[in-house]
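I have placed the structure first, in the form of structure tokens, so that the comments after it can refer back to it.
The values are calculated or read from the model by the stated rules, or taken from the named source; none is laboratory data. These figures come from a predicted structure and were not determined experimentally. With ideal geometry, Cβ positions are generated from the backbone for all residues, glycine too; neighbour counts draw on all protein chains shown. For the accessible areas, the whole protein counts, side chains as well, though only heavy atoms, and no ligand, DNA or RNA atoms are used. Shrake-Rupley method; radii C 1.70, N 1.55, O 1.52, S 1.80 Å.
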Amino acid sequence: VVCALYTDVFLDTPVYNAHTTGCDVLWAGVPIITYPAKRMASRVAASLCSAAGFGEEMVVSSMKEYEERAVELGNSPQLLRELQQRLSKARLTCALFDTKRWVRNLDKALMHMWDIYADGGEPMPFAVVEEDEAAAAR
């Protein structure tokens, strides 16, 4: 984590992505450039960047775009600093670091799974609806 203080951009590896390290560098305000592939281990950083609210700016769709984004940020100190500042500010409000929200949604999911089980149901996919979404649906 200390190294993140001296890092401008975190270049994620495409085969096996940053997991906890990705969270650490995002918390430190360091942008990630990541290229998600097909396997779960290569898509984690894309999920982290999206949960932080920066998927559009940090997740690329090809190795060519990966290189172009790295060069763009490396050649544009102002663009890089603006991205770092927005990322540092967002860490206080984004879903990725909202532990209370995560726990609340995990509790809802566990209770829903228990209700299904207690009613004799089989495991099934479902979505957890947050209060804001539920209120908007009414």
Query raised in the report: So which residues in segment 9-45 are β-branched (Val, Ile, Thr) and not in a loop (DSSP other than H, G, I, E, B), if there are any at all?
Result: Thr20, Thr21, Val25, Ile32, Ile33, Thr34, Val44
Report task. Look at Val44 and say whether it is buried (at least 17 other Cβ atoms within 10 Å of the Cβ), modelled with pLDDT of 95 or more and within 15 Å of the chain's Cα centre (by Cα). Result -> no
Query raised in the report: hydrophobic (A, V, I, L, M, F, W, C), open to solvent by less than 40 Å² (accessible area, probe 1.4 Å) and more than 24 Å from Gln85 (Cβ to Cβ), is that true of Ala70?
Result: no
Requested in this report: Using the structure shown, decide if Ala95 is in contact (Cβ under 8 Å) with a residue 40 or more places away in the chain, of a type outside the set (Asp, Glu), within 22 Å of Asp8 (Cα to Cα) and out of contact with any Ser or Thr (no Cβ under 8 Å at 6 or more places or on another chain).
Outcome: no
Report task. Within segment 81-111, work out how many residues are among the acidic types (Asp, Glu) and over 17 Å from the mean Cα position of the chain (by Cα). Result -> 2
Query raised in the report: Is it fair to say Gly53 is in a loop (DSSP other than H, G, I, E, B), under 13 Å from the mean Cα position of the chain (by Cα) and either at pLDDT 90 or above or buried (at least 16 other Cβ atoms within 10 Å of the Cβ) (or both)?
Result: yes
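Residue by residue, here is whether (1) without any contact (Cβ under 8 Å) to a residue 40 or more places away in the chain; (2) among the charged types (D, E, K, R) holds:
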| residue | (1), (2) |
| --- | --- |
| Val9 | no, no |
| Pro14 | no, no |
| Met40 | yes, no |
| Gly53 | no, no |
| Met58 | yes, no |
| Lys64 | yes, yes |
| Glu72 | yes, yes |
Query raised in the report: How many residues does segment 1-35 hold that are farther than 14 Å from Gln84 by Cβ, surrounded by 21 or more Cβ atoms within 10 Å (Cβ to Cβ) and at pLDDT 90 or above?
Result: 4
Report task. Can you tell me which residue among Ser76, Ser62 is of a type in the set (Gly, Ala, Ser), out of contact with any Leu (no Cβ under 7 Å at 6 or more places or on another chain) and surrounded by 11 or more Cβ atoms within 10 Å (Cβ to Cβ)? Result -> Ser76
Report task. Please state which one of Lys89, Lys108 is assigned to a helix (DSSP H, G or I), farther than 22 Å from Ala46 by Cα and without any contact (Cβ under 8 Å) to a residue 24 or more places away in the chain. Result -> Lys108
